[in-house]
1. Report the relative contact order of the chain, percent, no decimals, based on alpha-carbon pairs under 8 angstrom and at least 6 residues apart.
2. With r as the distance between the Cβ atoms of Asp231 and Leu96 and R0 = 35 Å, compute the FRET efficiency 1/(1 + (r/R0)^6) and round to 0.05.
3. Please work out the Kirkwood hydrodynamic radius for the range 216-265, using every pair of different C-alpha atoms, and report it in angstroms with one decimal place.
4. All other residues with a Cβ under 13 Å from the Cβ of Leu70 taken together, and with Lys, Arg as +1 and Asp, Glu as -1, what is their net charge?
5. Give a quick list of trypsin sites (Lys or Arg not before Pro) in the range 83-156 that DSSP marks as loop, anything other than H, G, I, E or B, with at most 16 other Cβ atoms within 10 Å.
6. Compute the distance from the alpha-carbon center of the range 238-255 to that of the range 172-231, in whole Å.
7. Would you calculate, for the chain, the mean residue ellipticity at 222 nm contributed by helices, counting each DSSP H stretch of 4 or more residues as -39,500 (n - 2.57) and dividing by all residues, to the nearest 500?
8. Net charge around Ala197, counting only other residues with Cβ within less than 15 Å of its Cβ (Lys, Arg = +1; Asp, Glu = -1)?
Amino acid sequence: MPSTSATIIADTPAKTVTASRQRPGIPRVLLGLILPFALILLAEISVSRGWIAANHLPAPSEIFNTIAHLAQQGLLAHIGISSARVAAGFIAGATLAIVTGSLVGLSTRLEAILDPSFQALRAIPSLAWVPLLLLWLGIDEAPKLVLIAIGAFFPVYMGVVSGIRGVDRRLIEVGKLYHLSTAAMIRRILLPAALPAIITGLRNGLSLAWMFMVAAELIAASQGLGYLLTDGRETSRADIVLAAIAILAVLGKSSDWLMQKLETHFLAWRDTYQHGNRT
């Protein structure tokens, strides 16, 4: 009898978890669309009934028409240029951040030398860099790419440093017991253990890269989504401004989705809590 009871108790959680995983529900993609569609519907109704002035907030239907009109006038070129700038600046900034963050994370002395200055620079707003970069690098592509790289650098740097410093000390001691070399210690212990924080830093850095791209293109650009924002402001076209904002939101979410897929791929070994596992 006791063994039978123990078997029932042991099997119950597994059956509950399995049932919860198989429980039908609304797909997450559809759940994520509820709020945007609700806001779009609310805005359409508010403008059509005159609750909000159309010159302040154009109806979503008008914004969609504006996007369709812009698509016939080179919108894809603007999207491509902005995306290329973000990609180039993000790769440069993230690469430098991973190298620098690894060195700082592995050396307390180097942290004492570099980290205070980096934390001070991190607090500088994006627009504060623009005049200096224009003076130093002119108005071509260089200042835009440097500004985007600056935006991507600091979140990735923080993720790398915090990830390395957050590695369990006992894992390092196990590596020493097995007489692992420094390179092997980094490859087999530090990097896998710090990878979740590093990927989180990369996602945050990519988001800031899009923000800094807009700041760069608002100041000095003849093409790109930031240029469309400036053009809409100067011509008092709120529909163009909101169309550019909507496109930026879609691009930002799409790039973050790609980073999430990479995170799922590289961190498939983790046994973490998932929303579908709730009993």
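1. Values: 257 pairs, mean separation 66.4, N = 279.
Relative CO of the chain lands at 24 percent.
2. Numbers: r = 33 Å, r/R0 = 0.94.
Computed FRET efficiency for Leu96 and Asp231 comes out at 0.60.
3. Numbers: mean 1/r = 0.0837 Å⁻¹.
Result for the range 216-265 stands at 11.9 Å.
4. Details: positive: Arg237; negative: Glu62, Asp231, Asp239.
Surrounding charge for Leu70 is -2.
5. On the way: sites: Arg85, Arg109, Arg122, Lys144; in loops: none.
Answer in residue order: no site qualifies.
6. 23
7. Numbers: 12 runs with 219 residues, N = 279.
Mean residue ellipticity, 222 nm, calculated: -26500 deg cm²/dmol.
8. Working: positive: Arg165, Arg203, Arg270; negative: Asp168, Glu263.
Net of charged neighbours comes to +1.
Each value in this text was obtained by applying a stated rule to the coordinates, not by laboratory testing. These numbers come from a predicted model, not from an experiment. For neighbour counting, all protein chains shown are included, and Cβ atoms are generated from backbone atoms with ideal geometry for every residue, glycine included.
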